[in-house]
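To keep things clear, I will list the structure first and then write my remarks on it.
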Amino acid sequence: MSIAFITILLFAVFGILLLAGVPISISILISSIVTALSSLSWDQVTFITMQKMCAGVESFSLLAVPLFILAGNIMNNGGIARRLVHFAQLFVGKIPGSMAQANILGNMLFGALSGSSVAAASAMGGCIAPIEKENGYDPAYSAAANIASAPTGLLIPPTSAFIVYSTVAGGVSISTLFMAGYIPGILMGACCMAIAFILAKKAGMKADSAAHTQHVLRIVWEALPSLALIVIVIGGIVGGAFTATEGAGVAVLYCLILSLIYKTITWKSFIEILSRSAKTSGIILFLISASSAMSFVMAYAGIPEAISDGLLSLTENRFIIFLLMNIILLIVGMFMDITPAILIFTPIFLPIAISFGMSEIQFGVMLIFNMCLGNITPPVGSVLFVGCGIGDVTIEKVTPKLIPYFIVLILALLAVTFIPALSLGLPKLLGLI
């Protein structure tokens, strides 16, 4: 069989199954098996598929994924969002559209704690949207700020996206990836704050009243235990006190103790949190397992090399190659969630990026930045739908407000792509590279 036929068969079956509403993990698995059967016998396919699926999740690093999911779900139930909103208001209370600014800053903090863009959009948006409504904010303006900034938590560590990427990329240092995500994540949040400020000034919005001075110490005191989680987990991982997986376990224990101190968790709610975390973890780990089978099929058929040769036949200009990769990843992000996109496209594009002088660390940041933008774009942008639901506004109304954010974030993505220091500067400074 020719590589072209196998490639078309693989992605055609995968696309048809997705359009038919088959879950993405099942679609990946079925399309991989069907494609493998074009070259191998049934016995060979079943044996190799099961072997690759088991090997795909047989990683100590991947244990961090369900643990960080559990930590995030405990935080969602622990009243942490409200404390972070009040803390954020201390810094942006005198800026026009300050509630939206607090929402953006809160998303950066909460996303970094929970590692989930959907959790950040839901928790922070649900906490601050009613207050914005009382203050006469345009619901579309508020929802756009919440939606655009929620994915910053996928870049600012700790985040499971980097852990998944590390596994697929052949064991790239997780601590280095975590540090590499800080500046791009902060850049993404700063871009959102700049657009929110410009839109607020253009609409003639005034600053809300800042927090009273006598309440500042209390607000900081309430927020510090939550913020300390970042210092403990990231500091411990980077300092070598524990691995990313052990750090995830520490995060779970810390969040649980904090929730017990805050008295925001009961035995019943804890059982619900465990159940929800187990379900989410099962979905993600099965997805990783199925994607391992697809990665084998692609490698066996020589698909990554064929795509690489196809791109190189168009041009050998590294700037155009990187632009083409970004365009493809942005389109993929519109239709595919972040985990399967990382699993499928890392083996395809990473060798190309490395051959043109981009490090695997910078590529990982660029890939996940692309997926962050995919989170906020239709038709499958999960954060877009959650943010619209929380803000009680239609997608049609919020989309025009999102366009300025999207344009500026595209420019930020290009900066991350072509300026290595944005992702590699901090790891180099800390001696991780």
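Computed from the coordinates by the stated procedures, all read-outs in this text should not be read as laboratory data. Since this is a predicted model, take the numbers as computed values, not measurements. Note that we place each Cβ from the backbone using ideal geometry, even for glycine, and neighbour counts take in every protein chain shown.
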Would you look at the GNM of the chain, springs on alpha carbons closer than 10 Å, and say which of 154, 84, 256 moves the most? 256
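Please report, in whole Å³, the volume per residue of the convex hull around the C-alpha atoms of the chain.
Numbers: hull volume 62.1 nm³, N = 433.
Dividing the Cα hull volume of the chain by its residue count gives 144 Å³.
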Violations at 18 Å Cα threshold for listed pairs 202/401; 94/206; 94/202; 133/397; 201/397 -> 201/397
Step through the residues of region 346-355 one at a time and calculate ³J(HN,Hα) from phi using the Karplus curve (6.51 cos²θ - 1.76 cosθ + 1.60, θ = phi - 60°), rounding each to whole Hz and writing x for Gly and Pro. 4, x, 7, 9, 4, x, 5, 4, 5, 5
When the Karplus curve 6.51 cos²θ - 1.76 cosθ + 1.60 is applied with θ = phi - 60°, which whole-Hz ³J(HN,Hα) does each residue of region 173-184 get, with x for Gly and Pro? 4, 5, 4, 5, 4, 4, 5, 5, x, 4, 5, x
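What list do you get for 182, 137, 300 if you sort them by fewest beta carbons within 10 Å? Show your work: numbers first, answer last.
Working: 182 20, 137 24, 300 14.
Neighbour counts put them in this order, fewest first: 300, 182, 137.
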Among 120, 129, 299: highest mean-square fluctuation, GNM of the chain, C-alpha pairs under 10 Å: 299
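In which sequence would 407, 128 go, from the one with the fewest C-beta neighbours within 10 Å to the one with the most? Mind showing how you got there, number by number?
Values: 407 11, 128 27.
If I rank by nearby Cβ atoms, fewest first, I get 407, 128.
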Could you tell me which trypsin sites (Lys or Arg not before Pro) in region 1-110 are loop residues by DSSP with no more than 14 other beta carbons within 10 angstrom of their beta carbon? 94
Compute the relative contact order of region 3-429 as a whole-number percentage, counting only Cα pairs closer than 8 Å that sit 6 or more residues apart in sequence. 25
In whole angstrom, how far apart do the alpha carbon centroids of region 285-324 and region 224-275 sit? 37
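What does the charge dipole of the chain about its Cα centre add up to, to the nearest 20 debye, if the Cβ of each Lys and Arg holds +1 and the Cβ of each Asp and Glu holds -1?
Numbers: 17 positive and 16 negative charges, 211 e Å.
Using only the charged Cβ atoms, the result is roughly 1020 debye.
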Final fewest-first order of 155, 409 on the 10 Å Cβ neighbour count is 409, 155
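Quick one: which of 216-224, 386-394, 67-75, 264-272 comes out on top by average Cβ neighbours within 10 Å, and what's the full order, highest first? Provide the component values of the computation, followed by the final result.
Numbers: 216-224: 14.1, 386-394: 20.9, 67-75: 26.0, 264-272: 12.6.
Per-residue mean Cβ counts within 10 Å order the peptides as 67-75, 386-394, 216-224, 264-272.
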Identify all lysines with a Cα-Cα distance to residue 52 below 24 Å; exclude those on the same chain that are fewer than 8 residues away in sequence. 279
